[in-house]
Every structure is written in C-alpha cells, then in structure tokens.
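Worksheet for the structure shown next.
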Amino acid sequence: MKKGSDLLVAALENEGVDRIFGVPGEENLDVVESLRTSKIELVLTRHEQAAAFMAATHGRLTGKPGVCIATLGPGALNFSTGAAYAHLGAMPMILITGQKAIMTAKQARFQIVDVVASMKPLTKMTRQIVSAASIPSVVRDAFRVAMEERPGPVHLELPEDIAAEEIDDVPLIPVHPLERPVADPAALDRAAGMILAAKRPLVMIGAAGNRPRLVEALSAFVRRARLPFFNTQMGKGAVTGGSNLYMGTAALSEGDYVHRAVEQADLIISIGHDTVEKPPFLMKSAGGSKVIHIGYQSATVEQVYHPDAEVIGDIGASVTALADRLGGKLDADPHLLELRQKILARINDRAEEDRFPPTPQRIVHDIRKVMPEDGIVCLDNGMYKIWFARNYRTHVANTLLLDNALATMGAGLPSAMMAAMLHPGRRVMAVCGDGGFMMNSQEMETAVRLGLNLVVVILNDSAYGMIRWKQAVDGFPDYGMSFGNPDFVRYAQAYGAKGSSVGAVEDLVPALEAAFAGGGVHLVEVPIDYSENTRVLVEELRNRSPDVELA
C-alpha cells in the first residue's frame, strides 16, 4: 500500500525532478515525509514568492519545469506573483499547494481560500486532485501542459486527506519527448520570397527565441543568412558569439539609436516575438516596414504588432529551413552595417567616465569586465535594467536574465540563486536596486545555508528610482518615492554572508573580483548616479544627433 503523497513524489521523480522549492505547512506534511525518503531535495526558502521565482528560473534555464510547494491559503496566495512571472515570461513550472481535507470539514472554513479559482488567470492549467489513484496521470498531464508551447505554470492542489489516502500501487505514466509541429513549406517559401525581395531586411529576435533548445539553430541562421539583427530585452543573448551583424537591443519602444535601423528597414523578420514584452518597436498601420512573424504560435494581433505574413511551427526547424532557402543569396545591407557602428558607439558613450557615484554606463561596463563570457547576470527590476539591456553585450545564450514581461521587483536574488545551483562552476551575479533587493532580501539566509557561490550587487539610490524618474519626466513633484536603507554590509554579515561597500569608482572592479575570488555569498553595495537617465534617455534621444542618420 502507498499513500497519495508517495504516488505524487514517485510521479515527480518519474519526470526527472531533483529539487522542490518552498515553505511547507500542516497540509503538506504527508508530502514532506514522502520527500524525506526520496531522491528529491526539499529546498526550504524563507518566502513562498522566492520559491516560485526559483522554480520559474529553473524552467527558463533548462526548459524543464521547476517545482515549488506551499500550504493552503496565505502560503498558496504568496505564489501568485511567481505564477504570473512564469505565465507572462513563458517559463515552465509546477506549483503544488495543500488544502484542508475535502471529505470532512473539521476546521470549517479556517484558512480556506479558493486557490484553484485564484490561479486560473495566472496559469496554463489549475486543478484540484480529488483521488489518489489519479495522481500519476494528473502529474504527467501537468508536466506536458507546462512544457508545451507556449510554456508556463501549472497549479495542482493536493488536499491533505488525498495525500494521506492509502491505495494499491498505481503505475506511473511513461514520459515521452514533446514533438512540435513544423511550418508549412508554402509559408516558408512565401517568407523567403519576401526576404529576397526586400532592400533592407532586418531580423528581430524576441523572448521565444531564447528557449534553451534554440541556441544552435538561431546562431546558425544568423551566420548563414548574413542578415543584421537586433533583439528585444528578453531575446537578448539568444545568438551565441560575437557578431558584426548585431545592431543592438530595443530597451525602449521608440526613439533610441537602434530604432534608426528599425526605421530604415523595409522588412522585419520577427523571430519569437511575444507581445507580453513591452513593444520593441511601434508598428505603423500603413506605410511602415513589412513584418514576417516566425513563431511557435500565431501572432497575437495588437495595435502595434500585426504581421503581414506568418511562419508557424517549431522555430528551430523554421529558421533552419529558411536558411536553406536564403543561404548564400544575401549580404547585409552596407548602410545598415555602417549605421551599426554609429549605434554601438553612441550606446557605449561615457562607459568609462570616472565620476562618483558611478553612472549606469560605468557600472554596466565594469560588470561586463569581471564577468566571463559564460558568467550569468540576473537582474531585478529597476532603472538599471534599461541600461543593461542597451549596453551589456552577451556572447553566450541565457547569460543576462531579465524580466520584461511581468517586470516584477523581488525576482533578481532568487533567480540568481537558481542559476548558481544549476551552474556551480560559473560566475553568477544578482544585480538589484535597493528597493527590489529588500523585497526578498531574507533569501540571503537561504543562499548562505545552501552554500552557494554568488555575488549580489546592490545599486543604492535610497529610492524607487525608476518611478521617481518617470515622476520627474511627467512633470510631477518629487514625492513618495524615497526611503531609508539598512547598513547593507552589516545586513549581509548578519546572515552569515560577506559584505563590502564601494567608495570610489576605481574600486568597483577590484571589489567584484575580490568577491568572486573569496567564494560564498558576497554582497557589494554601490551608490549610483541616475542623472544620466534624463541626460541620455530624455534630452539626448529627443534631439538625436544627425551623425547616426544613414547616408
């Protein structure tokens, strides 16, 4: 005889799960006991939200769902932001929550919230498990749904009496690979014809282009097609290696230097664009560039995104087949390549300026200097995200993790912890604003307990800097955005981590190198001068210099 919780854990093992993140409660105790004697490690976090961020990042980096666990009511509701993070970001994960017994009601309505209903708009699928015998099939279906395109979160609620129910052994469902449909050859022929007829075709790589399995296919497409490309924020790093075809990253929706290339292109080949991202460019209804959408699924038609042609199917197979049709027939437009040099030069302007506190450009420059090509930088959300998107050059796929979909604060530290667990031999850094860091700073204890090697950079401006900047740009008085901070060095030490503070611009690189060399969890506090936000992102872009115009 087995309990329902034993079947659940066996089904998770059958899916290849090796870790579960979370904060269990009374209603999960049978599951906890089943985990104790299993091959799966229970990674205890200090808040359920952090567990969900970690599970989502596991899905993002591996393509296989991460798993997190929480109790009923308040614990389950603390998963909400993490579920939305994975849902908008297309990250596969499984959320498991407990519930009071459904056959009896000895505690009446105590702590009971309709979690299944609350998760419905935040997940691909949500369901309550109502019999132990159904667990193997429910779990197999949950993983299939989470991994199918478009990937995302699936929620399962396991009531405590179903977890404790004794039942004869039920066979597990064999796991088989997911097969993805391929594009219609006629659609590929039509797209190839449009590209060959265009005068200045330009490739854009979006969020779905950054699936781990697409690295080789997309990199080969860029090499073979010889077309200049730019990317969205979440498409950043999808192509490996340096390239003289990279035009930049669309960190803003319009007006930035990379948009000069977008404006000059007569055809944009949009690979994997997902409209949950802030628009990388604003598509005109008439008279603008034509757009070909290459995706796993049909384009979501929006006011600013309504493609003229679509190639729907497995993106890897589609771009390979498209390269077969284009290979050797195209050369990058020389005017776009000339423009590329001017765009990148303007983006790198003042990257080595020695004022203190350092500018965002200098911080990005120095972090790039200490991170090897395969080092992973995980960003929280704040004004610095735009600067990293614009200025940080990636050479290996999935080495700059940022969220431009839900764009929630508080995810930077947990996502970096997950990256450090998956890649213990690589340098991993979390970059957080002081506001976002404090939303999940308690996970410093988790990182220390797990023995992770991780550097956490805190950009300190004692304010919710992005909103404060927008407040000023919109002409509102400075109000309601400033706060005080703890002594971050002592705060890190209180958790058993190391801490240091940068007091001069030339000290940043040595401080980061020392933090990595020392190992363990090390917090580095850096003040930041955000006056560049207005100078560059408002005044300079409003009066873009004519020297970046095409000849």
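The values are calculated or read from the model by the stated rules, or taken from the named source; none is laboratory data. In this text the structure is predicted, and so the values were computed from the model without any measurement. Using ideal geometry, Cβ is built from the backbone for each residue, glycine included, and neighbour counts are taken over all protein chains shown.
Picking from residues in region 51-102 that are farther than 19 Å from residue 443 by Cβ and among the charged types (D, E, K, R), the one that is surrounded by the most Cβ atoms within 10 Å (Cβ to Cβ) is 100. Say we look at region 442-464 and pick out the residues that are among the small types (Gly, Ala, Ser) and surrounded by fewer than 24 Cβ atoms within 10 Å (Cβ to Cβ); which of these is farthest from residue 517 (Cα to Cα)? Here the residue is 463. Among the residues of region 342-386 satisfying the criterion of being farther than 18 Å from residue 252 by Cα and without any contact (Cβ under 8 Å) to a residue 24 or more places away in the chain, which is surrounded by the most Cβ atoms within 10 Å (Cβ to Cβ)? Going through the qualifying residues, I end up with 353. Just one residue in the set 215, 276, 319 is at negative phi and assigned to a loop (DSSP other than H, G, I, E, B); that residue is 276. Exactly one condition in (1) of a type in the set (Val, Ile, Thr); (2) surrounded by 14 or more Cβ atoms within 10 Å (Cβ to Cβ); (3) within 30 Å of residue 58 (Cα to Cα); (4) outside the structural domain of residue 90 (by TED's automatic domain parsing) is false for residue 195; which is it? The number of the failed condition is (3). Cβ-Cβ distances below 8 Å connect the following pairs, each with a first residue in region 459-479 that is in the same structural domain as residue 505 (by TED's automatic domain parsing) and more than 13 Å from residue 432 (Cα to Cα), a second residue that is surrounded by 12 or more Cβ atoms within 10 Å (Cβ to Cβ) and of a type in the set (A, V, I, L, M), and a separation of six or more residues or different chains: 467/481; 468/481; 469/383; 471/481; 473/538; 478/472. The single residue among 144, 127 that is touching a strand residue (DSSP E or B) at 6+ places or on another chain (Cβ under 8 Å) and not assigned by TED's automatic domain parsing to the domain that holds residue 446 turns out to be 127. In this structure, residue 332 does not qualify as free of Cβ contacts under 8 Å to residues at least 40 places away in the same chain, small (Gly, Ala, Ser) and either in the same structural domain as residue 459 (by TED's automatic domain parsing) or at negative phi (or both).
Does residue 245 meet the test of being of a type in the set (A, V, I, L, M), at pLDDT 85 or above, farther than 30 Å from residue 148 by Cα and not assigned by TED's automatic domain parsing to the domain that holds residue 388? So residue 245 passes the test. Does residue 240 satisfy the condition of being farther than 22 Å from residue 536 by Cβ, among the polar types (S, T, N, Q), touching a residue at least 40 places away in the same chain (Cβ under 8 Å) and assigned to a loop (DSSP other than H, G, I, E, B)? Answer is yes for this residue.
The number of residues in region 506-531 being part of a helix (DSSP H, G or I), surrounded by fewer than 21 Cβ atoms within 10 Å (Cβ to Cβ), in contact with a helix residue (DSSP H, G or I) (Cβ under 8 Å, 6 or more places away or on another chain) and not aromatic (Phe, Trp, Tyr) comes to 2.
Within region 318-341, take every residue that is surrounded by 16 or more Cβ atoms within 10 Å (Cβ to Cβ) and small (Gly, Ala, Ser) and give me the one that is nearest to the chain's Cα centre (by Cα). Looking at residues that are surrounded by 16 or more Cβ atoms within 10 Å (Cβ to Cβ) and small (Gly, Ala, Ser), I get 318. When residue 101 is tested against the conditions (1) part of a helix (DSSP H, G or I); (2) aliphatic (A, V, I, L, M); (3) farther than 30 Å from residue 378 by Cβ; (4) over 29 Å from the mean Cα position of the chain (by Cα), the lone failure is (1).
Working only within region 12-56, note down all residues that are of a type in the set (S, T, N, Q), assigned to a helix (DSSP H, G or I) and within 23 Å of the chain's Cα centre (by Cα). Within region 12-56, just 49 meets the criteria.
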